[in-house]
Every structure is written in C-alpha cells, then in structure tokens.
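Worksheet: the structure to be examined is printed underneath.
The values are calculated or read from the model by the stated rules, or taken from the named source; none is laboratory data. The structure presented is a predicted model; accordingly, all values stated were derived computationally and were not measured. No Cβ is skipped: glycine too gets one built from the backbone with ideal geometry, and neighbour counts run over all protein chains shown.
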Amino acid sequence: MNAPSEIARDMRARLEAIVGPRGLITAPDEIAPYLVDWRALYEGSALAVVRPASTVEVAAVVKLCAETETPMVPQGGNTGMCGAATPDASGNGVVVNLGRMNKIIEVNALNNTMTVEAGCILANVQQAAADADRLFPLSLGGEGSCVIGGNISTNAGGINVLRYGNTRDLVLGIEAVLPDGRVWDGLRGLRKDNTGYDLKHLFIGAEGTLGIITKAVLKLFPRPHARVTAMAGVDTPDNAVELLALLREHCGDGVNAFELISRNCIELVLRRIPGTRDPLPTPHQWYVLTELTEARETGALRQTVETGLGAALEKGLVADAAIAETQAQSNALWRLRESIPDAARLEGLVYRHDIALAISRIPEFLTTAGAALKTAFPTVHLICFGHLGDGNLHYNAFIPGRERSDIAARAMTDVNRIVHDIVQQFGGSISAEHGIGQSKRDELAHYKSATELDLMRMVKKAIDPRNLMNPGKVL
C-alpha cells in the first residue's frame, strides 16, 4: 500500500465532503489550468483544486488544511504577473479557488458602497456600479477575467490611480478567513472607524499569505457623464511630465488617466495585434494617452481639454494631438495601450519590471536605465509604457536570442538587477502594482531593509505561525 496515496485519497474525500463534487477538481486535465500562471512562467502541482461556494465552506476547508498541515494557495482569476497564485512543485498543497463565490451582495447608492464576494469578475463589479449610476473606478487590462479578491490581495492599480487611488483606497471593509479557519468579519461600509488597528490593510496587498479574502465592501463614486480621450505625441518624457502638470492646472482633478507609451510599444502592437492603427499621422518618440471626466455633459470639459492641449502646443510640449470624436475612436486608442502586454507576450521572453518612481524623476531614470541596458546588452529592445500620472512604469526589456522555453534564460537576473539597482538609486520601488509573488521574492530580500523584512516576518509568524497560507510567496 502506498501511504502517501492513501493520505491523498483521504484528504480529497474530506474536502469533497465540505464542498461537494462540483467544488473539487482532481482530474489531471481539469486541474492543469489552475497550476500554471498567466505568463506560463510558473507551473506547480497540487493535491486538489477546491472551489468553495461560501465563506462557511472556505472556513471549513482552511480548518481542515490547518489540522492536517496542508499548505494552501489562494487563487482568484489566476491573472497575476508574479506567480503568487501558482503552487509549488511538491504536490502537497491545495489550491483554493474563489471563482464560485461571485455574487454582488448589495449596492448601496446612498452610501456609495457595494458589497461583493471575492470571486466577482472586476468587469461585473464595474457594471453593477454603472447599473446604479455609480462608478467603481478600478480599471485594468485583465478586468474581464481578474476577480476582485485577487485585485485586493495584490493591491491592484490600473489606469485611474491618478484620481481615485489604488485598490487599497477603494476598499472600506473585508471579510477574511484566517489560517486557522476562523472568520474575521470586517465588512464595514464606514469612511471613519478609529477603533484601533485598521486590520483590513494587513490583508490588502498581502497576496494571500495572511488569509483568504472572501468578501469586501467597495467604495463607489458618482458616475461621470462627460468623458474626453486624447492622444498626444511628445518628443521626450520631460515634455510628458510637464504636460501632465499643465493639464492638471487646466482641468484639476478631472484628469483620470495619463499614460506614457514609447514608440517601440506602438510599433510592437501594430506588428502583433490585428486591427490596430497608428494613432497620429506621423510617428513620435513618445505618446501620452489621457482621459478626463466630469459629472455632467455640458461641453465644458471638451473645451477645457482643447485649451490645455493648445497651450501645450504653444509651449512646444506637444508635437501633435488628437481628441477622440466618438466612443469607437476612444476605444481604439485605449486598445493600443491595453494590447501592449499581449503583444509583448507574442514577442517572446520579456524581462518585465513594474516599478514606481517620483514622477519628476522618471525622465532621468529613463535616460540612465536605457544607457545602462544598452551598454550591457547592445541589441536590447525596450518596451516602456505605464501610468505616468502616478509614477508607475512598466519598463520591460526584450533581448533577442533569449527564449521563454529556455529555463536558464528565464531564471537569469542580470537584466532585472541592472534595472532594479537604478530604481533603488532613484528612491523608487521594484513593485508598483503587480506584487511580489515568487518572481520577485529574492529581489525583495535584496532591496528591503533588514528592519522592514523583520517586521513583515513578525506579522506573518503571528498570523500564520506554521506558514501554511501561500508559502514561498513574498517572504
């Protein structure tokens, strides 16, 4: 008799007793999609994938795993960029996927809040808010497949951080199952609650290492009814930074999004993504895609944007600009921006860097990092784009000859170390919105101070002393 197999069969039977046949996946072909990350860089193994349908079932699963010392990997839409939702290769753990917990529990338009289960797809959350004439402003490329629990667990950013903040700023309360199976009910729709430690912030951005988020109370806003999208060609990142300041002088908090895109990115999308077209009549080294909104459609916003762009043209900050005349034109401009990650995947092995810097230091960083990479790798292609408005760049490097299928090339840290060293030199962060997961765990240990790491380990040990909740991630 094979003892490990007996243990595995017993564990699966006990899990099935909790979640039912619909909630347990063990067949190799059915379990496979849950064991590999979106970028196909990390692949693991698991005893089973459990898909609970309620908080009660999550708590029971976690309690069983705690009793049997079975590692757990919380998983949402499995669209993360750093391998945080992928199990290791041991096969001893259980993936806890929240996809069946997808109910919109309540939309409270008067309190401007929405209570949801963690498995709700982000696009469905946005639509539920819109149906109540409200806005949930979190917006990112994977919104049709990522889920709100994963967004909260990674403190997702997206295009509207400039005006509305990260996910952390959009969450008023959460419910979470702790590593021992207890349920913490922090579902409070309050803007002010000064009764001790704000515990929800421990779980937001923790990437499932402290517990499993099962529900959340989200912050809503009045739905804007006027929207203007514009694309501008600029000669340098310095001009883009000055354009941001000028537009905010003219439009104030109306600036929702302000994206910087290099010409390399545009050409990559045009080459790889069918149905796309150049946004302006002549090429430019850099582009800015910006979107502005206000509550009511009066025509004033359009006039303000035109005035702002006109002033930028007079100052020489902008070489050319176009304002979308229709929603279809706006969608086409945003498609160019949102297609960059998919186009990069098609290019091959790309060393991705999700970095944060003070906005004023971004031009100097780009000059310094570009020169350093060109010196080290003369054939490098830089794929630079990102949320300039909040200082978040996706600064990616493609080196011809290195293939995703080459494990050694994937594991090399030479490119990352050059970029991250310069980020550190400029007082930035090596992760702005994608998290740490397993891909940046060693980098975190390299760049975080000993005091910071010690504090993080103390929190982890206090809440998850046996390291059963998403082990091997972040720390």
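Scanning the stretch 288-299 for residues being out of contact with any His (no Cβ under 9 Å at 6 or more places or on another chain) and either free of Cβ contacts under 8 Å to residues at least 24 places away in the same chain or over 13 Å from Cys251 (Cα atoms) (or both) gives a total of 4.
Regarding the stretch 8-16, can at least one residue be identified that is free of Cβ contacts under 8 Å to residues at least 40 places away in the same chain, among the small types (Gly, Ala, Ser), part of a helix (DSSP H, G or I) and under 25 Å from Arg345 (Cβ atoms)? No; the residues of the stretch 8-16 include none that is free of Cβ contacts under 8 Å to residues at least 40 places away in the same chain, among the small types (Gly, Ala, Ser), part of a helix (DSSP H, G or I) and under 25 Å from Arg345 (Cβ atoms).
Leu455 meets all of the listed conditions (1) of a type in the set (A, V, I, L, M, F, W, C); (2) under 22 Å from the mean Cα position of the chain (by Cα); (3) within 26 Å of Ala85 (Cα to Cα) but one, namely (2).
Set side by side, the residues Asn78, Asn124 differ, and just one is in a loop (DSSP other than H, G, I, E, B), under 24 Å from Val217 (Cα atoms), within 25 Å of the chain's Cα centre (by Cα) and not acidic (Asp, Glu), which is Asn78.
For the stretch 425-435, indicate whether the set of residues that are among the polar types (S, T, N, Q) and assigned to a helix (DSSP H, G or I) is non-empty. Among the residues of the stretch 425-435, at least one is among the polar types (S, T, N, Q) and assigned to a helix (DSSP H, G or I), which makes the answer yes.
Of all the residues in the stretch 55-94, those that are surrounded by fewer than 22 Cβ atoms within 10 Å (Cβ to Cβ) and touching a Leu at 6+ places or on another chain (Cβ under 6 Å) number 1.
Evaluating Gly23 against the criteria (1) in contact with a Pro (Cβ under 7 Å, 6 or more places away or on another chain); (2) at positive phi leaves one unmet condition, (2). Of all the residues in the stretch 104-119, those that are under 30 Å from Leu468 (Cα atoms) and surrounded by fewer than 16 Cβ atoms within 10 Å (Cβ to Cβ) number 1.
A single member of Leu122, Leu135, Leu140 is surrounded by fewer than 23 Cβ atoms within 10 Å (Cβ to Cβ), of a type outside the set (D, E, K, R), within 20 Å of Gly189 (Cα to Cα) and touching a helix residue (DSSP H, G or I) at 6+ places or on another chain (Cβ under 8 Å), and it is Leu135.
Assessment of the stretch 350-358 against the conditions (surrounded by fewer than 15 Cβ atoms within 10 Å (Cβ to Cβ), of a type in the set (Val, Ile, Thr) and under 25 Å from Pro137 (Cα atoms)) yields no matching residue.
One line per residue, one yes/no per condition, for (1) buried (at least 16 other Cβ atoms within 10 Å of the Cβ); (2) within 19 Å of Leu202 (Cα to Cα); (3) of a type in the set (S, T, N, Q):
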position: Val423; (1), (2), (3): yes, no, no
position: Gly428; (1), (2), (3): yes, no, no
position: His434; (1), (2), (3): yes, yes, no
position: Lys440; (1), (2), (3): yes, no, no
position: Leu444; (1), (2), (3): yes, yes, no
position: Ala450; (1), (2), (3): no, no, no
position: Met458; (1), (2), (3): no, yes, no
position: Ala462; (1), (2), (3): no, yes, no
position: Gly472; (1), (2), (3): yes, yes, no
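So which residues in the stretch 275-290 are surrounded by fewer than 18 Cβ atoms within 10 Å (Cβ to Cβ) and touching a Lys or Arg at 6+ places or on another chain (Cβ under 9 Å), if there are any at all?
The answer is Gly275, Thr276, Pro283, Gln285.
For the stretch 186-201, a residue qualifies if it is charged (D, E, K, R) and closer than 16 Å to Ile463 by Cβ, and the qualifying residues are Asp198, Lys200.
One line per residue, one yes/no per condition, for (1) more than 30 Å from Ala397 (Cα to Cα); (2) touching a Pro at 6+ places or on another chain (Cβ under 7 Å); (3) among the basic types (Lys, Arg):
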residue: Asp253; (1), (2), (3): yes, no, no
residue: Ala257; (1), (2), (3): no, no, no
residue: Ser262; (1), (2), (3): no, no, no
residue: Glu294; (1), (2), (3): yes, yes, no
residue: Ala328; (1), (2), (3): yes, no, no
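The residue that is surrounded by the fewest Cβ atoms within 10 Å (Cβ to Cβ), among those in the stretch 262-274 that are touching a residue at least 12 places away in the same chain (Cβ under 8 Å) and closer than 18 Å to Ala328 by Cβ, is Ile273.
Within the stretch 32-64, the set of residues being free of Cβ contacts under 8 Å to residues at least 40 places away in the same chain and under 24 Å from the mean Cα position of the chain (by Cα) comprises just one member, Ala32.
Answer yes or no as to whether Glu452 is at pLDDT 95 or above, acidic (Asp, Glu) and in contact with a His (Cβ under 8 Å, 6 or more places away or on another chain).
No, not satisfied.
Applying a threshold of 9 Å to beta carbon distances and a minimum spacing of six or more residues, or different chains, the list of pairs starting in the stretch 220-236 at a residue that is in contact (Cβ under 8 Å) with a residue 24 or more places away in the chain and farther than 15 Å from Thr290 by Cβ and ending at one that is hydrophobic (A, V, I, L, M, F, W, C) and in a strand (DSSP E or B) reads Leu220/Val107; Leu220/Met114; Leu220/Leu135; Phe221/Leu135; Pro222/Leu135; Arg223/Leu135; Asp235/Trp286; Thr236/Trp286. Among the conditions (1) surrounded by 22 or more Cβ atoms within 10 Å (Cβ to Cβ); (2) under 19 Å from Met81 (Cβ atoms); (3) of a type in the set (D, E, K, R), Glu175 misses just one, which is (2).
Selection of first residues in the stretch 239-261 that are under 17 Å from Ser139 (Cβ atoms) and of second residues that are surrounded by fewer than 18 Cβ atoms within 10 Å (Cβ to Cβ) and modelled with pLDDT of 95 or more, restricted to Cβ pairs under 8 Å at least 6 apart or on distinct chains, gives the following pairs, ordered by first then second residue: Val255/Arg248. Considering the stretch 296-323, and only residues there that are of a type in the set (D, E, K, R) and loosely packed, with under 14 Cβ neighbours inside 10 Å, the residue that is farthest from the chain's Cα centre (by Cα) turns out to be Glu314. Counting only helices (runs of 4 or more DSSP H) that fall entirely inside the stretch 309-385 and contain at least 2 residues that are touching a residue at least 40 places away in the same chain (Cβ under 8 Å) and of a type in the set (Lys, Arg), the qualifying elements are 327-338.
Summed over the stretch 324-334, residues that are surrounded by fewer than 16 Cβ atoms within 10 Å (Cβ to Cβ) and aliphatic (A, V, I, L, M) total 1.
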